[in-house]
Amino acid sequence: MLKMLTFFQGLPGQQPVSGAPDFPRSSQKLPSTSEAESEASMSEASSEDLVPPLEAEVALDRDEEEAGKKKKKSKGLATMFSVFTKGRKKKGQPSSAETEGESECSPRPPGQLPTVEELKVDLERGRLEAAGPLLALELELQEAAAAGRASEEELVRRQSKVEALYALLRDQVLGPLRRPLEVAPERLRQALAVLAEQERQDREAAAAAAAGPPGCPGLAATRPRGWLQLWRDGVAQAAAERLGGRPAADAEGRTEAERAFLHMGRTMKEDLEAVVERLKPLFPADFHVVAAYAESYHAHFAAQLVALTQFELCPRDTYMLLVWVQNLYPNDILNSPKLAPELQGVRLGTLLPPTQIQLLEATFLSNEVASVRELTARALELESNRWTQDVAPQRLDARCHSELAIDIIQIISQGHAKAESITLDLGTQIKPLLLVELATFLRSYQRAFDEFLERCRQLRNYRANVIANINNCLSFRTSVEQRWQTPPDLRSSLLSPLNELKSRGFDTLLQSLFGGLKPLFKRFTQTRWAAPQQTLEEIISAVAERMPEFSELQDCFREELLEVVHLHLVKEYIARLCKRRLVLKTAEQQQQLAGHVQANAQLIQQFCTQNGSPATWLHHALPTLAEIIRLQDPSAIKIEVATYATWYPDFSKGHLSAILAIKGNLSSSDAKSIRSILDINTGAHEPSKALFSLIKVG
């Protein structure tokens, strides 16, 4: 007991600290059991010289009861201490005020424990040094019970007083711990030291109880008192109060649920960081203060989320829940730089059960796909309305521009980004779903564009809107090929509508041009190739005049359109050669025609290349035909035909027969032998593009 009292007298903070109450240090020593018994016998021998401690306490409390008639006392602890006021006041006994004055002014004899009333006064004044003498009284009571030195009634009376004092001490200890950041550090250390000692006493009592039957007959079991658990319960209550506070209104348009969870997340992070920085250095390590607060805050946070999932959630709140559960909470709070090292050994788990998370994720995916479908359909409707209302497209860098592609790509990208903001795995899951929606949209886009092409030819801004929609294909194509890294089968379903839209757009833009060239190409056969150079120059001039109309196309599409023009010029020229209306019987005539064809081929190639055509695959089409017309040796012609078939796999026997028909001096057997070369698989160059399959021969 002396050791116990010495421990409490040595609590930190016995000297006054700035900003905290002045707690005087007790100088009395705890008497031994023999000394206490000696004092008790002395009291019986001379009651006038020394009032026994317990009787003096009762007398003091009787004075207090009489004084209470003049001044009202609060219930609660006063009722608990009513046990001290039983009996009548003895004549000549000092009043409570006098006793209190004596306890403060008169020095206590060495080795004498403070009286119960003195301890009560000290505890009511917040003097935690009283914990040591109180523990000594408790142990002394246990010794008296074990030794049988007091009656059962006496033991009950004395134990009730001790427990009433412990109730006071408990409030004085746990009170500061409920708001530890608002308490002076020294005061907090005192309370923690008392709590630690009480926890040690609880463990010793539990160990003793486990070892055998209780050794204190006549006393009610009062340990374990469980103050440490009461402190933990207080932490949980504080967490509920802090996180359950009403969030401040904001001007950012957040929903009530979003504001609530933002408030809880921010509060939890700030409070736990304060625990790490300010409380952890003061608390005993075995209290695990950071874990206690983290577990309590986590439990309340999780309870709020579970409660919210019991209701039907709108898509926005479903997303918000998943973001908090899967991303913000584990990454921004638990894994923040200040908290991550402190929470490594704390198993908090997830805010929601895994099955509930899976259900929410499935709901999110369904909601997001439906939202993307709705948004893309609305964007297409608005855009197609602009076409039909003859609204001119925007001009961006001297190009016809539409925001449709940007809007659609942004909708798809935002859906993917939302999923990835929850988890990367969810982003992987939603990507193919969004690309399927994109493919569906592109088919709808193509159908809407086709309808516009058919019904709105008379509109003033018709061609400009056609060009703007062709230009849209660039952004879509770039995203499909480079940004989203789609698998080949899905890439084909995405690019096919775009290629069809572009092709239909080119046909529309070139329709009038090609229609105007048709009579010029007919002149080749009508004049029997009398002036092919002049005819071709007129054709090239007509094309050149129309080139400015295509300047508002994106450069890549302007080049593709020029390739279409290039192909058309070569195709129509070959078609005129295949009309079988020209038969040249002499080698000189054939060489002259071959020269014209060679010169015309060079003119076409030069013009188209200068204007940006990338169709190098067409460069051999006319010059090789000119060579076949010029050559007279069947074997040499076979070599040219075989080479030609590797460049243009769709070069058929019908096309070859039409060209050989020009050579009036070629025997039918030689012609048949030359045609047979096409029966041999010459191994076409890949990839091949259509040329002769576009040319009909009789």
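Contour minus end-to-end for Ala249 and Arg179, with contour as 0.36 nm per residue of separation and end-to-end as the Cα-Cα distance?
Fully extending the segment from Ala249 to Arg179 adds 22.6 nm.
Under a plain spin-label model, where a point goes 7 Å from the Cα along Cα-to-Cβ, how far apart in nm are Thr646 and Ala392?
Going from the Thr646 label point to the Ala392 one covers 5.4 nm.
Quick one: what does P(r) look like for region 249-365 with 5 Å bins over all Cα pairs, in whole %?
So the P(r) values, bin by bin, are 2, 10, 22, 22, 17, 13, 8, 4, 2, 0.
How much length would be gained if the chain were fully extended between Asn327 and Glu381, taking 0.36 nm per residue of separation minus their Cα-Cα distance, in nm to one decimal? Each step should come with its number before you reach the end.
On the way: separation 54, 0.36 × 54 = 19.44 nm, distance 3.59 nm.
Contour length minus the Cα-Cα distance gives 15.9 nm.
Which translational diffusion coefficient, to the nearest whole µm²/s, is obtained for region 109-178 from the Stokes-Einstein equation, given a Kirkwood hydrodynamic radius over C-alpha pairs, 20 °C and 1.002 mPa s?
Numbers: Rh = 12.8 Å.
The Stokes-Einstein estimate is 168 µm²/s.
Once the principal axes of the Cα atoms of region 497-626 are found, what is the range along each, listed largest first in whole angstroms?
Answer, in whole Å and largest first: 50, 26, 26 Å.
Once you put a point 7 Å from the Cα of Ala587 and another 7 Å from the Cα of Glu559, both along the Cβ direction, what distance in nm separates them?
Each label point is offset 7 Å from its Cα along the Cβ direction, giving 4.4 nm.
Going toward the positive end of the dipole of region 556-641, with +1 on Lys and Arg Cβ and -1 on Asp and Glu Cβ, which of Thr609, Gly595, Leu567 do you reach last?
Gly595
Give the shape of region 286-420 as rounded, prolate or oblate, defined through the alpha-carbon gyration tensor: a ≥ b ≥ c are the square roots of its eigenvalues, a/c under 1.5 means rounded, and otherwise the shape is prolate if a/b is larger than b/c and oblate if not.
Details: a/c = 4.85, a/b = 2.50, b/c = 1.94.
The shape class here is prolate.
Can you work out the accessible area per residue across region 171-250, with the rest of the protein chains kept in place, probe 1.4 Å, in square angstrom?
Working: 4070 Å² over 80 residues.
Dividing the accessible area of region 171-250 by its residue count gives 51 Å².
At each listed q (0.12, 0.17, 0.26 Å⁻¹), what is the log10 of I(q)/I(0) that the Debye formula gives for region 455-533 modelled as equal alpha-carbon point scatterers?
Each listed q maps to, in turn, -0.56, -0.77, -1.16.
How big is the C-alpha Rg of region 611-669 next to the rule-of-thumb value 2.2 N^0.38 Å, as a ratio? List each step's numbers first, then the result.
Values: Rg = 12.6 Å, N = 59, 2.2 N^0.38 = 10.4 Å.
Normalised by 2.2 N^0.38 Å, the Cα Rg of region 611-669 equals 1.22.
Asn335 to His288: FRET efficiency via 1/(1 + (r/R0)^6), r the Cβ-Cβ distance, R0 30 Å, to the nearest 0.05? The partial results should precede the final answer.
Numbers: r = 19 Å, r/R0 = 0.65.
So the FRET efficiency works out to roughly 0.95.
Along the principal axes of its C-alpha atoms, what lengths does region 425-480 span, in descending order and rounded to whole Å?
In descending order, the Cα extents are 51, 19, 10 Å.
If you project the alpha carbons of region 387-469 onto their three principal axes, what span does each projection cover, largest first, in Å?
In descending order, the Cα extents are 51, 28, 16 Å.
For region 427-461, which trypsin sites (Lys or Arg not before Pro) are both in a DSSP coil and crowded by at most 13 other Cβ atoms within 10 Å? It would help to have the intermediate numbers written out before the result.
On the way: sites: Arg443, Arg447, Arg455, Arg457, Arg460; in loops: Arg457, Arg460.
Those that pass, being in a loop and sparsely packed, are Arg457, Arg460.
Could you tell me what a quarter of the Cα convex hull surface of region 566-611 works out to, in nm² with one decimal place? Present the calculation step by step, with values, prior to reporting the outcome.
Working: hull surface 13.0 nm².
So the mean shadow area of the Cα hull is 3.2 nm².
Structure shown: which of Lys522/Lys663; Lys502/Lys579; Lys638/Lys689; Lys522/Lys585; Lys431/Lys689 lie over 30 Å apart, alpha-carbon to alpha-carbon? Walk me through the intermediate numbers first.
Numbers: Lys522/Lys663 21 Å; Lys502/Lys579 32 Å; Lys638/Lys689 23 Å; Lys522/Lys585 23 Å; Lys431/Lys689 33 Å.
Distance filter (> 30 Å) returns Lys502/Lys579; Lys431/Lys689.
Over region 406-555, what number does the Rg to Rh ratio reach, with both radii from the alpha-carbon atoms and Rh per Kirkwood? Spell out each step's value before the answer.
Working: Rg = 21.3 Å, Rh = 18.3 Å.
With Rg and the Kirkwood Rh in hand, the quotient comes to 1.16.
Tell me, rounded to the nearest percent, the portion of alpha carbon pairs in region 503-568 spaced more than 18 Å apart. Intermediate results must be reported in sequence, preceding the final value.
On the way: 839 of 2145 pairs.
Result: 39 percent of Cα pairs exceed 18 Å.
With all distinct Cα pairs included, what does the Kirkwood hydrodynamic radius of region 182-268 come out to in Å, to one decimal, could you say?
Values: mean 1/r = 0.0592 Å⁻¹.
Answer for region 182-268: a Kirkwood hydrodynamic radius of 16.9 Å.
Rounded to the nearest 0.05, what FRET efficiency do Thr440 and Arg483 have when you use their Cβ-Cβ distance and R0 = 25 Å?
0.85
Could you give the length gained on full extension between Ile680 and Thr363, defined as 0.36 nm per residue of separation minus the Cα-Cα distance, in nm? Display every interim value, and only then the final one.
On the way: separation 317, 0.36 × 317 = 114.12 nm, distance 6.05 nm.
Full-extension gain reported as 108.1 nm.
The values are calculated or read from the model by the stated rules, or taken from the named source; none is laboratory data. Worth saying up front: this structure is predicted, and the values here are computed from it rather than measured. So basically every Cβ, Gly included, is an ideal-geometry build from the backbone, and we count neighbours across all protein chains shown. Note: accessible area is taken over every heavy atom of the protein model, side chains too, but ligands, DNA and RNA are not part of it. Shrake-Rupley method; radii C 1.70, N 1.55, O 1.52, S 1.80 Å.
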